[in-house]
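In what follows, a single structure is set out as structure tokens and then discussed.
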């Protein structure tokens, strides 16, 4: 993934992050491979992103077209969702107000960026690890996310969406810090068959 995500607007950042995730989806050869997320296999990572975000938007009155089932073709499902989200971000609605019952009121593009694009970025590491690949995540954006989440750590942990942080070295690089913060072991590797 090319560096420089921190300087991009939400539409461009989504395009780059979603394409980086698509690259990992396209490289998966075993959709039942375990991932660093306890109890998830590779297919579940894609399924999570394709399932939760349309429901999130719908709760605020925004509809996305349904994606094909992840179980049938994870890459096709991912591409369909990416195209739909990108069309939303490139359209006039991107700058409208979006009110979510749990997440509050945001400009729609900012809500997509903060809640979804960041999630795609973090799950890119999970899917790459499951496939035995490097994620090549942008360290500047990883640092921005880790630093931003550190201020609301108690809220994030109490939500049940993040496990306990995994300790990392004080001088760890930003991606390693982010991975540890969200509850992943940065040294996780799939067990050999």
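The values are calculated or read from the model by the stated rules, or taken from the named source; none is laboratory data. Remember, predicted model here, so these are calculated numbers, not experimental data. Using ideal geometry, Cβ is built from the backbone for each residue, glycine included, and neighbour counts are taken over all protein chains shown.
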Practice problem: Might you check whether a residue that is loosely packed, with under 14 Cβ neighbours inside 10 Å and under 20 Å from residue 14 (Cβ atoms) occurs anywhere in segment 143-158? | Solution: yes
Quiz prompt | Residues that are in a helix (DSSP H, G or I), more than 14 Å from the chain's Cα centre (by Cα) and crowded, with 20+ Cβ neighbours inside 10 Å, drawn from segment 57-81 | solution = 57, 74, 77
Exercise. Go through (1) assigned to a loop (DSSP other than H, G, I, E, B); (2) modelled with pLDDT under 90 and name the single condition residue 155 misses.
Key: (1)
Quiz item: Does residue 49 satisfy the criteria of being over 14 Å from the mean Cα position of the chain (by Cα), surrounded by 13 or more Cβ atoms within 10 Å (Cβ to Cβ) and at pLDDT 95 or above?
Solution: no
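A quick yes/no check of all residues on (1) buried (at least 18 other Cβ atoms within 10 Å of the Cβ); (2) assigned by TED's automatic domain parsing to the domain that holds residue 25; (3) part of a strand (DSSP E or B):
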residue	(1), (2), (3)
89	yes, yes, no
106	no, yes, yes
111	yes, yes, no
115	no, yes, no
121	yes, yes, no
125	yes, yes, no
129	yes, yes, no
Quiz item: Only one of (1) within 27 Å of residue 103 (Cα to Cα); (2) over 14 Å from the mean Cα position of the chain (by Cα); (3) part of a helix (DSSP H, G or I) fails for residue 38. Which number is that?
Solution: (3)
Practice problem: Kindly indicate whether any position in segment 159-173 is over 14 Å from the mean Cα position of the chain (by Cα), at pLDDT below 95, part of a loop (DSSP other than H, G, I, E, B) and at positive phi. | Solution: yes
Quiz item: Has segment 96-104 got at least one residue that is touching a residue at least 24 places away in the same chain (Cβ under 8 Å), touching a strand residue (DSSP E or B) at 6+ places or on another chain (Cβ under 7 Å) and not assigned by TED's automatic domain parsing to the domain that holds residue 161?
Solution: yes
